[in-house]
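Everything on this sheet refers to the single structure shown next.
The values are calculated or read from the model by the stated rules, or taken from the named source; none is laboratory data. Given the structure is predicted, the values throughout are model-derived calculations rather than measurements. Cβ: placed from backbone, ideal geometry, glycine included. Neighbour counts: every protein chain shown.
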Amino acid sequence: MTSPTDIGAALQQDGGEGGAPEPFGLGSSPLRSDALPKALGIYPYAADLWAEGLLWGAVLRSPHPHARIRGIDTSAALALPGVHAVVTAADLPPGPDGLPDGAPAGPIVADRPVLAAGVVRHHGEPVAAVAADHPDTARLAVGLIAVDYEPLEAVTDPEQSFTAPPLHPDGNLFRHLPLRTGDPDAVGEIVVEGLYQVGRQDPAPLGAEAGLAVPRPDGGVELHLSSTDPHGDRDRTATCLGLEPDRVRLVATGVPGATTDREDLSFQVTLALLALRTGRPVKMTLTREESFHTHTSRHPALLRYRHHADAEGTLVKVEAQILLDGGAYADVSAEALAAATAFSVGPYVCPNVFVDAWAVRTNNPPAGRMRGEGALQTCFAYESQLDQLAARVGVDPVEIRRRNAMATGDPLPTGQAVTCPAPVKALLDAVAAEPLPALPVDDPDAEWLLPGGPGGAGDPAAVRRGIGYAVGMVHMLGAEGEDEVSTATVRVSGDHATVICAAVDAGQGFATLARQIVQTVLGVSEVYIAPADSDQSIAGPSARGRHTWVSGGAVERAALMVRHQLLQPIAANFGMSVELLQIADGKITSYDGVLGMPVAEALEGKELWATAQCRPHPTEPLDESGHGDAFVSISFCAMRAVVDVDIELGAVRVVEMTVAQDVGRALNPRQIEDRIEAGVAQGVGLALMEDLQTSGGVLLNPSLTGYRLPTSLDTPEVRIAALLEERDVVATFGAKAVSAVPAVVAPAAVAAAVRAATGLPVGRLPIRAEDAVTV
Amino acid sequence: MLPASLDEAVDALAAAPAAVPVAGATDLMEAVNAGRLRPAALVGLGRITELRGWRYEDGGTAVLGAGLTHARMDRPDFAALIPALADAARTAGPPQVRNVGTLGGNIVTAAPAGDTLPVLTALEATVTLARSGGTREVPVSHLLTGLDPVRPGELLTWVRVPLLHAPQVFLKATGRSGPARATASVALVLDPARRAVRCAVGAVAPVPLRPLEAEAWVAGCIDWDGSREIDPVATAAFGEYVAAACVPDNYGAEGAWEAVTEGPTAAAVRLRRTVSVLARRALGRALK
C-alpha cells in the first residue's frame, strides 16, 4: 500500500518533470512548499503530535466575565482515577509579595495571568488545568474542580471603563494618546461629522490551538506548538515558570496559517507546567469553543470624527476621538492605539489634526494583534468621512480622494515625513480605470448569484448595485522604538543550500521567499529551509509584515557573505576583484566573458557558512503631543468594491473587489496575489458577517455556526488592477509587506459600496441586515 | 450496534432503551464532542438501506425514509415530487453535511432553525414511530412541539408527505451567501384540491409556526378556478399578516412573558420585516 507521503512526493515529482521548469529566484512564482501537503491533507498539524506515554491536558475556564475567586477545591478532581496533576495559580511562581499572582505576562505589559489568581476578568479566562491519561478523564476532572466564585459587576461598555472602579491593579486605561498638530482654531467652509463603530472580529483560525510539552532531563521543557514567535514565546514561558530561557526550547510545529500572534501564552505555559509537574509528555488540543475563548480578537472601536474642508473639498482640519476596547488585558493595545492615532487621517494631507485616542480595559474578551490592528478601524472612519465630504462638495468619491491624496515627502499628522514611496493617486487611478463587472441585464446568459446565495430568497427586483472606493495605509515592522532584528544562517554544501532562520512561515510565504533569495544570490537551485525553533538565533515574531524585510534581509546578507567566500578564491585565481564576477543561470561568469564556470563545479567539496543580521533603521516613540518618527515604512492600497444589496432583506453580496497595491517590488507575484485575496476575504468577512458577540461580557457565538466566516460563495472575485513596483530604497529588495493592507481597506470599500447602493449612512461594521434595508 | 434491518434496529433499541439511534451524526457527534451528550450506546442506522429511499402509497402520499440524505432530496427526481423539501435540503448546509445529514435526523434534532421542519409542518406531514412489535403515526407538529414525543425504544422510520401536485416554495434569510443558519424561513405550499394555502415560519420560535388565519384569509383571495392570480396588494398584506401572527410584540425583550405596553420591540420590528418579505415573496413565487 502506498502511504500518503509517497503520493505527495510522487505528485510533486510529476509536477516538476511534466510541466515547465521549476520557477527560480526572485520575481518568479514558485509554489509554496507546504501547499501540496496541506491540500492533500497529509500536512502534520500540531494536533497530530504524539509522544510515547503522553498525558492529556484540559483547562477549566471561568463562566463569569468578572468574579472574585473565594476558593478552589481540587480534591475531587485529584481523586479521580487517571488524573496525574491539577494545577492552579498557586502552582506558578509567586508574585513580588510572596502570594500567588498567576505569573502575569504579556507582549508589552505583563498583566495577564497564566491562571487566574484571586479574580477572573473575562469569560473563559483559564482558572485551573488538569493532566490525565485520557482526554475524557481530563475533561471530567475539570468538571470536578469546585471554584467558589463571587460574581462582580462586569464593565463591558468601554465608555464606562473610565469611571468604573479599577478592574486590575494596573488601572483601566491602557493608553491615552493625544495628537495635536497645527492650528486648533482653523475651520472649514464644509464640516462633516460621523460616529463609527467596529465590532469584534476574531481570527478564527481553522486549526484550533494544539501542542505538546515534553519535560527534559535537565529540569527544562520542550514545547512543540504552532508558535509564530519562537523566541518571544520561549522567553515569556520561561519567565512565567521561573526557569532560565535556555531551559525552555520551543519548536514551531505544524503552523496551520496565522493572521495574528498564533499562540496564547496561558495555553503554552499551562502545558509546560503540566509536563514539568507530571514528568511526562502532555498534549492538549483545544475545542473550537475554547479556541474562541483563548485567542485575542480585533479591538472593537468607537470613533467620532469631524472633517473640515474648503469649498473644493480640500481638507482643512480633522478632529477625532478614538476609543479602542482592549478587553480584560493589555496585550498590544498600546501599539494598536499608536497606529490608529497616527493614521487617523488616512493617506491624505491635512495641516491641522486634533485627535484624542484611548485604549481601555473592560471585562470583554482581550483584544490583540490582527492584520492592521488600529489602522483598520480608523480606515473605515476616515473613508466614510471622505464619502460624506464628496457628497457635500458634489464631486465623485475618487476625485475627493485625489484632491487630498498624500505623496512621497508629505508629512503624517505625527510630523514624520513619508519618505517611502506613497503612490496614492496612481493607485486610485489604477482601480478607477478598470472596467466594471457586467450588470446582469447586460449579460443575461450568465448565472446571477443573488444576495442570499443560490436557492436563497433573493428577488432580482429588490436588488440594487453599489460601487464604493477606499484607500488605506498600514505601517510595517514594529513601531515606536521597538528593536527590530533578525538573524539567519546560510550554509552551502555541495550542490544544495540550507537556510537556518527562526522566522516562522505562518502562511505569509517566508520559506518560499528565503529559497528564492538564496537561489538568486548563489545560483543554487536546491534550497532547504530548516524548521524554526528557539535554539536558533532570534528572528522575532511573524507579524506586522516584518519577515520579508528583516529576515529576508538577514538571509540575503548571509547569502552574500557565502557568495563572497565562494568567489574570492576564483577571483584571486584570475587576478580580478570579486565584484567583476557574477552568478547567473547556474554559472559563474566574469565581466569579460573569459571565465564561465558552473556553480556546481565551484562548490564541489566545499562547505560554506555565514550568519548575518538585519536591523532596519530605528524609530522613536510618539511624544505627549503625538509627534515622532514612529514608523519604519508604510504600505498603501486602493480598492473598488462592487456589491449587490437586497434592499428588502438587507442581504449583501460583494460581486467584485478591484485592488491596486503598492508592493515596492513583486518578489513572488503569485504569492502576493494570494495574500491580497486572503486579505480581501478577511476584510469582506469583517464588513458583512464576522462579529464575535457578547452579552454582559459573556461570549454568545463561540462556534463556527454562530461566528459566520465568509464561504467561497461570499468571497468576491478579486481583480488585481496593479501591483505598483516603486522600490522602497531602505527596504530589503525594495519590497513592501503585502498582507495587512488589503484587510485594512476592504471593509471601508464594502461599506462605501453598500452606502452607494442603499443611500443609508452605514456607520457600523459588520453591516447587519437591518442596516441595509431601505423599505 | 449496527443492525442490518429495521426489525433488528427496533429490537436493539428495545433491548437497550438508553441507546441513541444515529444516522448522519452531524448533530450527534457535535454534541458528543462538546461534552453535552454521552450516549450509553449507539444504534447505527447506516446499513438499513430501506430507510434511505422512498415509495408511493395510495391516496397520493409519498412515504419518505428517515435515512434520506439532504443531498438525495436535492436531486431533480425528488425535487419534482416535493419541491419545497428539495429547496430546504439544498440550503441546509455545506455539501459535507448534506451528504450525510438525514431527514429523520433533522426532525428528531428539532433545532429551531432546522430547514426541513417548516416544510414538513406546512405539508402537514406525519411520521411513523416504530418500536418492537408495533408502530404508530404522529403528526410532525405534535412531535416537534412535544405534544406527543418519541418514547424510549422508538425509532423514527418513515415520513408521510401528501403529494399536492402544485407549486411550493421554501425561502430562508441568512447572514451570508454561503450555507448558514436561517434567521427566518418560510415554507408555503398550495393545495388546489382543498383550495388551501399552507404556510409555516421557521427559526423565529422553538418550533415552526403556522399562521392559520392568514392562510385562510389569503386562500379566499385566490382565483382557484382561473389562472390562480392574486392582487399584489393582497400578497403584501399576506406578508404583514404572517409576520404579525408569528412574531410577538415582545420578541427579544427581557422577561419575554410579561405584558408589553410600549408596542413592538426593535427586534420584533426587524424580524417581522424579514418574515413579511419572505412570506410575500414565497406567495408571489407560488402563484407565478
(request) Please identify the pairs in which a residue from segment A:427-446 that is in the same structural domain as A:ARG403 (by TED's automatic domain parsing) and within 18 Å of A:VAL645 (Cα to Cα) has its Cβ atom under 6 Å from the Cβ atom of a residue that is surrounded by 17 or more Cβ atoms within 10 Å (Cβ to Cβ) and among the aliphatic types (A, V, I, L, M), counting only partners at least 6 apart or on another chain. (result) A:PRO437/A:VAL642; A:PRO437/A:VAL655
(request) For residues that are in a strand (DSSP E or B), touching a Phe, Trp or Tyr at 6+ places or on another chain (Cβ under 6 Å) and closer than 26 Å to A:VAL738 by Cβ, tally how many sit in segment A:330-372. (result) 0
(request) For B:VAL100, work out the one condition from (1) in contact with a strand residue (DSSP E or B) (Cβ under 9 Å, 6 or more places away or on another chain); (2) farther than 30 Å from B:MET1 by Cα it doesn't fulfil. (result) (2)
(message) Regarding segment B:250-258, can at least one residue be identified that is modelled with pLDDT under 95, acidic (Asp, Glu), part of a strand (DSSP E or B) and surrounded by fewer than 20 Cβ atoms within 10 Å (Cβ to Cβ)?
(response) no
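In segment A:540-552, is there at least one residue being touching a residue at least 24 places away in the same chain (Cβ under 8 Å), assigned to a helix (DSSP H, G or I), of a type outside the set (Ser, Thr, Tyr) and buried (at least 24 other Cβ atoms within 10 Å of the Cβ)? Spell out the reasoning first.
So the first thing to find is which residues in segment A:540-552 are touching a residue at least 24 places away in the same chain (Cβ under 8 Å), and the list is A:540-552.
Imposing the further condition that a residue be assigned to a helix (DSSP H, G or I) reduces the set to A:550-552.
Checking the rest, the ones that are also of a type outside the set (Ser, Thr, Tyr) come to A:550, A:552.
Subset that is buried (at least 24 other Cβ atoms within 10 Å of the Cβ): A:550, A:552.
Yes.
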(message) Just to verify a result, which residue in segment A:759-770, among those that are within 11 Å of chain B (Cβ to nearest Cβ) and in contact with a helix residue (DSSP H, G or I) (Cβ under 8 Å, 6 or more places away or on another chain), is surrounded by the fewest Cβ atoms within 10 Å (Cβ to Cβ)?
(response) A:GLU770
(request) Within segment A:102-160, count every residue that is touching a helix residue (DSSP H, G or I) at 6+ places or on another chain (Cβ under 6 Å) and assigned to a strand (DSSP E or B). (result) 6
(request) Tell me, please, whether a residue that is more than 30 Å from A:PHE354 (Cβ to Cβ), out of contact with any Gly (no Cβ under 9 Å at 6 or more places or on another chain) and loosely packed, with under 15 Cβ neighbours inside 10 Å can be found in segment A:618-627. (result) no
(message) Could you go through segment B:192-209 and let me know if any residue there is assigned to a loop (DSSP other than H, G, I, E, B), crowded, with 21+ Cβ neighbours inside 10 Å, touching a strand residue (DSSP E or B) at 6+ places or on another chain (Cβ under 8 Å) and modelled with pLDDT of 95 or more.
(response) yes
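Residue-by-condition table, conditions (1) at pLDDT 85 or above; (2) closer than 27 Å to A:ALA252 by Cβ; (3) assigned by TED's automatic domain parsing to the domain that holds A:ARG121; (4) assigned to a loop (DSSP other than H, G, I, E, B):
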residue	(1), (2), (3), (4)
A:ASP14	no, no, no, no
A:PRO21	no, no, no, yes
A:LEU26	yes, yes, no, yes
A:SER29	yes, yes, no, yes
A:LEU36	yes, yes, no, no
A:PRO63	yes, no, yes, yes
(request) Test A:ARG180 against the criterion of being of a type in the set (Lys, Arg), surrounded by fewer than 17 Cβ atoms within 10 Å (Cβ to Cβ) and modelled with pLDDT of 90 or more, and give yes or no. (result) yes
(request) Return the total of residues in segment B:134-191 being among the basic types (Lys, Arg), within 14 Å of chain A (Cβ to nearest Cβ) and touching a residue at least 24 places away in the same chain (Cβ under 8 Å). (result) 2
(request) Taking only segment A:581-640 into account, find how many residues are of a type in the set (A, V, I, L, M), in contact (Cβ under 8 Å) with a residue 40 or more places away in the chain, under 15 Å from A:LEU566 (Cα atoms) and in contact with a strand residue (DSSP E or B) (Cβ under 7 Å, 6 or more places away or on another chain). (result) 5
(message) Could you go through segment B:192-200 and let me know if any residue there is among the charged types (D, E, K, R) and over 28 Å from A:PRO451 (Cα atoms).
(response) yes
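Return the only residue of A:ALA105, A:ALA138 being within 27 Å of the chain's Cα centre (by Cα) and of a type in the set (Gly, Ala, Ser).
Working: A:ALA138 fails: within 27 Å of the chain's Cα centre (by Cα).
Answer to the selection: A:ALA105.
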(request) Just need a number here: residues in segment B:60-84 that are more than 12 Å from every other protein chain (Cβ to nearest Cβ), over 21 Å from B:THR49 (Cβ atoms) and either polar (S, T, N, Q) or assigned to a helix (DSSP H, G or I) (or both). (result) 3
(request) Just give me the residues in segment A:590-627 being aliphatic (A, V, I, L, M) and under 28 Å from the mean Cα position of the chain (by Cα), in sequence order. (result) A:ALA612, A:LEU622
(request) Give the number of residues within segment A:719-758 that are within 14 Å of chain B (Cβ to nearest Cβ) and out of contact with any helix residue (DSSP H, G or I) (no Cβ under 9 Å at 6 or more places or on another chain). (result) 0
(request) Give segment B:20-55 a look and list any residue that's within 14 Å of chain A (Cβ to nearest Cβ) and either part of a helix (DSSP H, G or I) or of a type outside the set (A, V, I, L, M) (or both), or say none. (result) B:THR26, B:ASP27, B:MET29, B:GLU30, B:ALA31, B:VAL32, B:ASN33, B:GLY35, B:ARG36, B:ARG38, B:PRO39
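Select from segment A:424-476 the residues that are exposed (fewer than 14 other Cβ atoms within 10 Å of the Cβ) and within 14 Å of chain B (Cβ to nearest Cβ) and write down the one among them that is farthest from the chain's Cα centre (by Cα). First the steps, then the outcome.
Filtering segment A:424-476 down to residues exposed (fewer than 14 other Cβ atoms within 10 Å of the Cβ) leaves A:433, A:435-436, A:438-439, A:441-447, A:460-461.
So of that shortlist, the ones also within 14 Å of chain B (Cβ to nearest Cβ) come out as A:447, A:460-461.
Numbers: A:GLU447: 36, A:PRO460: 38, A:ALA461: 40 Å.
The extreme case among them is A:ALA461.
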(message) I'm trying to understand the selection: among the residues of segment A:177-224, which are over 24 Å from the mean Cα position of the chain (by Cα), without any contact (Cβ under 8 Å) to a residue 60 or more places away in the chain and assigned to a strand (DSSP E or B)?
(response) A:VAL221, A:GLU222
(request) Check segment A:657-676 and report whether any residue there is touching a residue at least 24 places away in the same chain (Cβ under 8 Å) and within 14 Å of chain B (Cβ to nearest Cβ). (result) no
